[in-house]
1. Please verify whether ASP118 is under 19 Å from GLY43 (Cα atoms), charged (D, E, K, R) and part of a helix (DSSP H, G or I), treating the condition exactly as stated.
2. Just need a number here: residues in region 26-39 that are buried (at least 17 other Cβ atoms within 10 Å of the Cβ) and in contact with a helix residue (DSSP H, G or I) (Cβ under 9 Å, 6 or more places away or on another chain).
3. Hey, can you tell me all the residues within region 95-115 that are assigned to a helix (DSSP H, G or I) and farther than 22 Å from HIS80 by Cα?
4. Search region 63-89 for residues that are touching a residue at least 24 places away in the same chain (Cβ under 8 Å) and surrounded by 13 or more Cβ atoms within 10 Å (Cβ to Cβ) and pair each with any residue that is of a type in the set (D, E, K, R) and outside any helix (DSSP H, G or I) when their beta-carbon atoms are under 7 Å apart and the residues are at least 6 apart or on different chains.
5. Would you list the strands (runs of 3 or more DSSP E) that sit entirely within region 127-211 and hold 1 or more residues that are surrounded by fewer than 21 Cβ atoms within 10 Å (Cβ to Cβ) and either among the aliphatic types (A, V, I, L, M) or over 16 Å from the mean Cα position of the chain (by Cα) (or both)?
6. Just the residues that are touching a residue at least 12 places away in the same chain (Cβ under 8 Å) and not hydrophobic (A, V, I, L, M, F, W, C), please, taken from region 111-129.
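What follows is calculated from the coordinates using simple rules that are stated; it is not laboratory data. From a predicted model like this one, the values you see are computed outputs, not experimental measurements. Counting neighbours? That spans all protein chains shown, and the Cβs are built from the backbone with ideal geometry, glycine included.
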Amino acid sequence: MRTVCVTLYGSYEARTPGAGVRNGDRTRQHFAARGVDAQFFYGVHAPKLGVDTTLPYEVDGGPGCGFKMGPKPTGCWLSHRTLWAALRLLPDPLFLVVEDDAKFPEDWAPRMEKAVADAGAFDMLFVGSCCTQGKPRTHVAGDVWEVKWPCCTHGYIVRRTALETLIATQDEARCYAPIDISLGFHSFPRMSRVYTVLPRILEQFDTSIPE
């Protein structure tokens with residue numbers, strides 16, 4: 001299965017202030033140590049490029065609040081959207097997509113292999129996720145669950161045949177909400193099998209995320 005890591009070209013900001021380590025350097029060192037063979041996809045560095053959405057996110061604040069999510073979430077949305085379009089040009093049936101802060105445990109490979117087998121004919125399988133507690137869930141097999149819906153996009157497996165649905169639903173919705181929230185609003189309800197591995201396999205560096 002091809003592994004693709006979403007990162008930013010020329011980004012020198014360390015996630016931990018004063019750490020003195022480039023994001024890309026740490027990511028590559030960590031992947032090498034864990035045996036992760038990843039190709040790097042340079043996404044949209046929206047703050048650097050001066051890119052932002054003009055569309056308000058008024059779900060939480062209510063109609064008329066005028067809140068906009070800002071450049072960084074806009075860049076993340078655009079990065080995943082452009083990656084999906086690029087992956088459609090490749091013949092692979094499955095892709096593991098990770099972000100450059102994805103943290104792989106030592107036993108990630110056998111756990112992921114088993115999860116893929118247990119999940120069967122899924123559209124998306126979240127091997128990294130957050131905010132799943134208290135949501136409707138159905139057990140599939142092993143550590144695989146159908147949760148409606150997982151958040152976070154630091155680690156997921158997507159089937160090539162599901163990419164067109166992701167693109168179509170997100171383009172229809174437009175870039176107004178963080179990508180993981182927008183997926184739950186607009187894409188997942190129109191997909192047949194969106195599954196989540198619990199407990200999650202992939203964590204995130206420098207980020208404490210709820211289960």
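1. Values: under 19 Å from GLY43 (Cα atoms): no; charged (D, E, K, R): yes; part of a helix (DSSP H, G or I): yes.
For ASP118, the condition - under 19 Å from GLY43 (Cα atoms), charged (D, E, K, R) and part of a helix (DSSP H, G or I) - is not met.
2. 2
3. If the condition is that a residue be assigned to a helix (DSSP H, G or I) and farther than 22 Å from HIS80 by Cα, then TRP108, ALA109, PRO110, ARG111, GLU113, LYS114, ALA115 are the ones that fit.
4. What qualifies is PRO71/ASP52; THR74/ASP52.
5. Of the strands (runs of 3 or more DSSP E) lying wholly inside region 127-211, those with at least 1 residues that are surrounded by fewer than 21 Cβ atoms within 10 Å (Cβ to Cβ) and either among the aliphatic types (A, V, I, L, M) or over 16 Å from the mean Cα position of the chain (by Cα) (or both) span 137-141, 144-147.
6. Of everything in region 111-129, those that are touching a residue at least 12 places away in the same chain (Cβ under 8 Å) and not hydrophobic (A, V, I, L, M, F, W, C) turn out to be ARG111, LYS114, ASP118, GLY120, ASP123, GLY128, SER129.
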